[in-house]
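Each reported figure results from applying straightforward, stated rules to the coordinates on display, with no laboratory input. Here the structure is a predicted model, which is why all the values come from computation and not from measurement. For neighbour counting, all protein chains shown are included, and Cβ atoms are generated from backbone atoms with ideal geometry for every residue, glycine included.
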Amino acid sequence: MANESVKILVVDDDPAVRNLIFRFLSQKNYQMEAAADGKSALEVFQKFNPDLVILDVNLPDALGYDLCKTMQEQTGVLVMMLTSRTDPDDKVIGYGQGADDYQTKPFDLLELELRVAALLKRKRDVKQVSTKQPLVFGHLSIDPERREVRVHDNLVSFTALEFDLLYYLATHPGQALKRTTLINDVWEYDQMVGDNRVVDVHIGQIRKKIETNSSDPSFIKTIRGFGYRFEVPSGEKSAEA
């Protein structure tokens, strides 16, 4: 996907930040639109149909988290939250609403560009896994064709990043995976951009959805000081449905 075919909407009530991002990414040949509040953002979103929205958390008439959820209910758009908040709990909220990335202010434009490119590459890579067969681990089923996860035959809602992370772990059963490896391979960020905290947040969200007891997980094990390992529960074998 060439840059000139990619559409990005930047939403921020601060004209300095909004115009800076708009001009910078326009120079990279992305198609750009901008909005300063929630109402106009939704109007532009519906007409423009962007591939990515760079979305400020605090807007004069809306909360960015709510806009993120609304937009992702309409399309499969990627969302990067942009905020001056640094509290880890804010990231948990953002990712829980479907955000694909979380960039804090102030930010470096080169880092922003790298994050944007990585997110868009993930969007392109969705088709590459779409021909794979479902993975079944006892009561857990992961279907990359439909991008669906079922637990005890019940469909469980997953964000795009949660699905990608779970699928990656499940296709590497028994392997101890560093957080930096997951950042590189799932987010496709290099170490200068990746934030290891984002891995822990998403693992926590996934555990709540697939584990009987998220505090004593059977599928995703923590390797202290290292990363995570996907385990096939004792007595069960992975299989392609």
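Here's how it looks for Lys105: its modeled amide H is under 5 Å from those of Thr83, Ser84, Arg85, which are all 5 or more places away or on a different chain. On the basis of the beta-carbon distance and an R0 of 35 Å, Phe48 and Arg224 show a calculated FRET efficiency of 0.15. May I ask you to list the trypsin sites (Lys or Arg not before Pro) in the stretch 135-214 that are in a DSSP loop and have at most 12 other Cβ atoms within 10 Å of their Cβ? In loop regions of the stretch 135-214 (DSSP not H, G, I, E or B), the sparsely surrounded trypsin sites (Lys or Arg not before Pro) are Arg146. The calculated FRET efficiency for Leu155 paired with Glu231, based on their beta-carbon distance and R0 = 25 Å, is about 0.60. With a Förster radius of 51 Å applied to the C-beta separation of Leu109 and Arg146, the computed FRET efficiency comes to 0.85.
Please list, by residue number, everything in the stretch 7-27 whose backbone N is under 19 Å from a paramagnetic label point 7 Å out along Cα→Cβ of Lys39. Flagged as within label range: 11-15. For the pairs Lys121/Lys209; Lys69/Lys178; Lys121/Lys208; Lys132/Lys209; Lys28/Lys132, note any where the Cα-Cα span goes beyond 32 Å. With Cα atoms farther than 32 Å apart: Lys28/Lys132. With θ taken as phi - 60° and the Karplus curve 6.51 cos²θ - 1.76 cosθ + 1.60 applied, the whole-hertz 3J(HN,Hα) list for the stretch 60-68 is x, 10, 7, 9, x, 4, 5, 5, 4 Hz, x standing for glycine and proline.
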